[in-house]
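Peer 1: Below is a structure I'd like to ask you about.
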Amino acid sequence: MSSSAQRPDPPYRTIVAEIRARIVSGDLRPGDRVPSIRQIAQRWGVAVATATKVTATLREEGLVEARVGSGTVVSARKPAAPMASRPAAPSALRPSGLPGQTLNRNHIVRRAIRTADAEGLDAVSMRRLAAELGVGPMSLYRYVDSKDELLTQMADTAFGELELPEPGPDGWRAKLELIARGQWRLCQQHLWLPEVVSFTRPLLAPNMMAQTEWTLRALDGLGLSMTTRLYEALTLHALVLTLARSMAEESEAEQNTGMTLTHWTIALRTRAHDLLASGRFPLLATIPESSNLTDLFEYGLARHLDGFAALVTPHTAMRP
């Protein structure tokens, strides 16, 4: 027997075979959620890259599909032929998922955003995108130089979905409320977005930079230095992203555990009641149950702008 025949299958193929068997046997039915990338990595003790390859292979075989709000589920469509019996992807840059269209940067970025929206940022890889677009992995590098550039393009495209009026509503406060709430909605639509943004190594993303420019203009005429205006733009952005991260973490926890926040709260209700009834936390015991991040965002935004108003008032009072 040759040495190649004795070599065991790579880990991802073993995992694919197990999940495929559950689907074929009917243990997992159309619409049922399959293990997420993180769950695969944890359950089988493999790297995230390997887990990503598992999901990509199952998708290539037509066994699973990404569904917004549900993650990766068993497909209702007839599965494609297994990888071993299918011809290699053509080298021509005409993606199979986009009939009649040639591949370009926009197709790649939009597909990556769809994947991140449905399964999180860890699910996005150049190899998986290539498989979904029906081209070789190296073909993508004609349009994006690296994974980091892809993430920058994804963020820039997402921020470009927010259209800000010119010049905007009257008053600096109304303008800051407008952009903060617009970015909050963006983060609700793209839960992965806060993970891409950095305050120490900012992205050179034109649409994101345009929003910072818009915020700086919103503070014209207040007598503030450009440094103060920049700090305000960044602090307001940080307020949005910090709370949005919690929103993303909750979505990930729900996908990984299959338990909604409501069910999690119910499961802990007895423990919480015992702690609050102990008398150790008399003030906490008087607070009604609440876990609405949007309410917390609105409170934080209002209090932040109240504080900024205290800074602005002396400057406006000194103007002639």
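Peer 1: In region 19-70, what percent of the accessible surface is made up of carbon and sulfur (1.4 Å probe, ligands and nucleic acids excluded)?
Peer 2: Within region 19-70, the accessible surface is 50 percent carbon and sulfur.
Peer 1: Within 10 Å, count the other beta carbons around each residue, average over each peptide in 298-309, 237-248, and list them highest first.
Peer 2: So the peptides 298-309, 237-248, ranked by packing, come out 237-248, 298-309.
Peer 1: Quick one: if you stick a label point 7 Å off each Cα along the C-beta vector at Arg29 and Arg127, how many nm between them?
Peer 2: 3.4 nm
Peer 1: For region 24-50 and region 189-224, what is the separation of their C-alpha centers, rounded to whole Å?
Peer 2: First find each Cα centre; the distance between them is then 37 Å.
Peer 1: Please report, as a whole percent, how much of the solvent-accessible surface of region 190-249 comes from carbon and sulfur atoms (probe radius 1.4 Å).
Peer 2: C and S fraction of accessible area: 59 percent.
Peer 1: Another one. In region 177-218, which chymotrypsin sites (Phe, Trp or Tyr not before Pro) are in a loop and have at most 12 other Cβ atoms within 10 Å, using DSSP for the loop call?
Peer 2: Phe199
The values are calculated or read from the model by the stated rules, or taken from the named source; none is laboratory data. Owing to the predicted nature of the structure, the values given are computational and were not obtained by experimental measurement. No Cβ is skipped: glycine too gets one built from the backbone with ideal geometry, and neighbour counts run over all protein chains shown. Please note that ligands, DNA and RNA were not included when accessible areas were found on the heavy atoms of the full protein model with its side chains. Shrake-Rupley method; radii C 1.70, N 1.55, O 1.52, S 1.80 Å.
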